[in-house]
Amino acid sequence: SGLQIAGLVNVGTYVKGAQIAFFNFSDTCSGTPIGLFSFVRKGYHKLEFSFDEMRFVNMAFRTGVKYFHNNFLIGTSTSFNNKPLLTYGYGLGTSLGHESKLLWDFDISMNSFAQGSNWSSENALYKIYTGIDWRFAKKSSIAFGLSYNLLHTNTSETDFNNSLYDLVPYTLSNSTSGSSNLKTWIGGKIAIRFF
């Protein structure tokens, strides 16, 4: 009860308050675990499969509590058969409402990209997402919503960027400063979630 702080790992049974560490584990939490990874056995955890406006097929694991959870994502583009473009990322989210009926999600995330043997790209996609999660069965729900996207790229990575730019549906803004380019647009996703 109260505040549990650790440099690396917190472990609790019934937590009433907050856990703060890189890794938080508990059976039940009526407060908020804050860290890189939080797992509450009787908390919020969902496996998500989604499709977005960049034509990425994604899988994500959302874990923590309803009001504050970690999101881990990996995906691949459906547009490049010979040289798949991969994405992987991390985010934070909060959900408001009744988990047994309808939730309103707010997420922020950052994704990196890899293609072929290039896993050191300096390109990154930042997303701010909001949408609804409608539970249609005991352990299944459909989620959909809109996102504000900021794609930051290093213009010297020409071949890599050409693949990325092909996936951007349109731009609200497109600015270049030195070797840095920033594109923005409004996108969306549709997903099915389990658990």
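Any read-out appearing in this document is the output of simple, stated calculations on the displayed coordinates, not a laboratory observation. Because the structure is predicted, anything quoted here is derived from the model rather than measured. Quick reminder, even Gly has a Cβ in these numbers, built from the backbone with ideal geometry, and neighbours come from all protein chains shown.
A few remarks follow.
- Subtracting the Cα-Cα distance of Asn154 and Leu96 from 0.36 nm times their residue separation leaves 17.2 nm of extension gain.
- Excluding exposed DSSP-loop trypsin sites (Lys or Arg not before Pro) (at most 12 other C-beta within 10 Å), longest clean stretch of the chain: 43-100
- Spatially close lysines, pair count over the chain: Cα under 18 Å, gap of eight or more or interchain: 18
- Here the chain is scanned for GluC sites (Glu not before Pro) in DSSP loops (not H, G, I, E, B) that have at most 16 other Cβ atoms within 10 Å, and the longest stretch holding none of them is 1-98.
- Between the helical axis of 158-167 and the longest alpha-carbon principal axis of the chain there is an angle of about 70 degrees.
- For region 41-195: relative contact order, % (alpha-carbon pairs under 8 angstrom, 6 or more apart): 21 percent
- Across region 52-133, the relative contact order, built from alpha-carbon pairs under 8 Å that are at least six residues apart, equals 22 percent.
- In nm, spacing of pseudo-spin labels at Phe72 and Arg55 (7 Å Cα→C-beta vector): 3.0 nm
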